[in-house]
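Participant: So that we are looking at the same thing, I have put the structure below in structure tokens.
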Amino acid sequence: MKYLSILVIATFFLSYQGNAKNNMNAPVTKRISNPSDTLKVTHKDMTLFLIRKKYKGEKLDITAKELLKGSEPTYTLEKAYVTHQGNTIDLACSNIYNPWVGEQINEGTKRRISFIEKKSGETIIYAVFSTAADIYAVEWSVKGNTGSRLEMSNSSKFLNKYNH
């Protein structure tokens, strides 16, 4: 019983500490499922899944070459989707490389993802990623059962769009 009480207190403290550090507009609950290749971020009743795989030398298009600035990626984003109200909504993930660095997902990784709710019922998902050479951001829109990528850029104006 003593150990259970300590575990409950520690879990509460870590959960509170993680949410206190969160500087996003809406309250966010974040959970990690697989610590190495899957990032799972939950905001209210919407969950974002990002699944990466090792980069195996696939040909890079001009957008990727600009973002990578000549460096070779370690990972590529294989799949991105959200679950919302029982639906699975795919998100475009082409040309997204090194979505997070290293084998562990930490609080810094999770803080790079924001959910912005619009009055129209649309949710904007804004994520900041990093290559070895640069930082870039991706913005997706989810409304109803539709998801679309709005923009992907490394411009300073876009990187500061949501004061990330």
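The values are calculated or read from the model by the stated rules, or taken from the named source; none is laboratory data. In this text the structure is predicted, and so the values were computed from the model without any measurement. Backbone-built Cβ (ideal geometry, glycine too); neighbour counts: all protein chains shown.
Participant: Answer yes or no as to whether Glu58 is among the acidic types (Asp, Glu) and at pLDDT 90 or above.
Facilitator: Working: among the acidic types (Asp, Glu): yes; at pLDDT 90 or above: no.
So Glu58 does not fit the description; no.
Participant: Then there is this: Of the conditions (1) in a loop (DSSP other than H, G, I, E, B); (2) of a type outside the set (Lys, Arg); (3) within 20 Å of Ile96 (Cα to Cα), Ala137 clears all except one; give me its number.
Facilitator: Evaluating Ala137 over (1) in a loop (DSSP other than H, G, I, E, B); (2) of a type outside the set (Lys, Arg); (3) within 20 Å of Ile96 (Cα to Cα) leaves (1) as the failure.
Participant: Working only within region 47-60, note down all residues that are charged (D, E, K, R) and surrounded by fewer than 17 Cβ atoms within 10 Å (Cβ to Cβ).
Facilitator: Within region 47-60, Lys53, Lys54, Lys56, Glu58, Lys59 qualify.
Participant: Could you check how many residues of region 133-162 are surrounded by fewer than 19 Cβ atoms within 10 Å (Cβ to Cβ), in contact (Cβ under 8 Å) with a residue 12 or more places away in the chain and out of contact with any Asp or Glu (no Cβ under 8 Å at 6 or more places or on another chain)?
Facilitator: 10
Participant: Moving to a separate point now. Restricting attention to region 111-123, and to residues there that are within 12 Å of the chain's Cα centre (by Cα) and either part of a loop (DSSP other than H, G, I, E, B) or not hydroxyl-bearing (Ser, Thr, Tyr) (or both), which single residue is surrounded by the fewest Cβ atoms within 10 Å (Cβ to Cβ)?
Facilitator: Looking at residues that are within 12 Å of the chain's Cα centre (by Cα) and either part of a loop (DSSP other than H, G, I, E, B) or not hydroxyl-bearing (Ser, Thr, Tyr) (or both), I get Arg111.
A quick yes/no check of all residues on (1) within 14 Å of Val142 (Cα to Cα); (2) out of contact with any Asp or Glu (no Cβ under 8 Å at 6 or more places or on another chain); (3) buried (at least 17 other Cβ atoms within 10 Å of the Cβ); (4) at pLDDT 90 or above:
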| residue | (1), (2), (3), (4) |
| --- | --- |
| Pro35 | no, no, no, no |
| Leu39 | no, yes, yes, no |
| Asp45 | yes, yes, no, yes |
| Ile62 | no, yes, no, no |
| Lys65 | no, yes, no, no |
| Thr74 | no, yes, no, no |
| Glu78 | no, yes, no, yes |
| Asn95 | no, no, yes, no |
| Asn98 | no, yes, yes, no |
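Participant: List every residue pair whose Cβ atoms lie under 7 Å apart, where the two residues are 6 or more positions apart in sequence or sit on different chains, the first residue falls within region 50-61 and is farther than 14 Å from Trp100 by Cβ, and the second residue, located anywhere, is in a loop (DSSP other than H, G, I, E, B).
Facilitator: Going by the 7 Å Cβ cut-off, the qualifying pairs are Asp61/Asn95.
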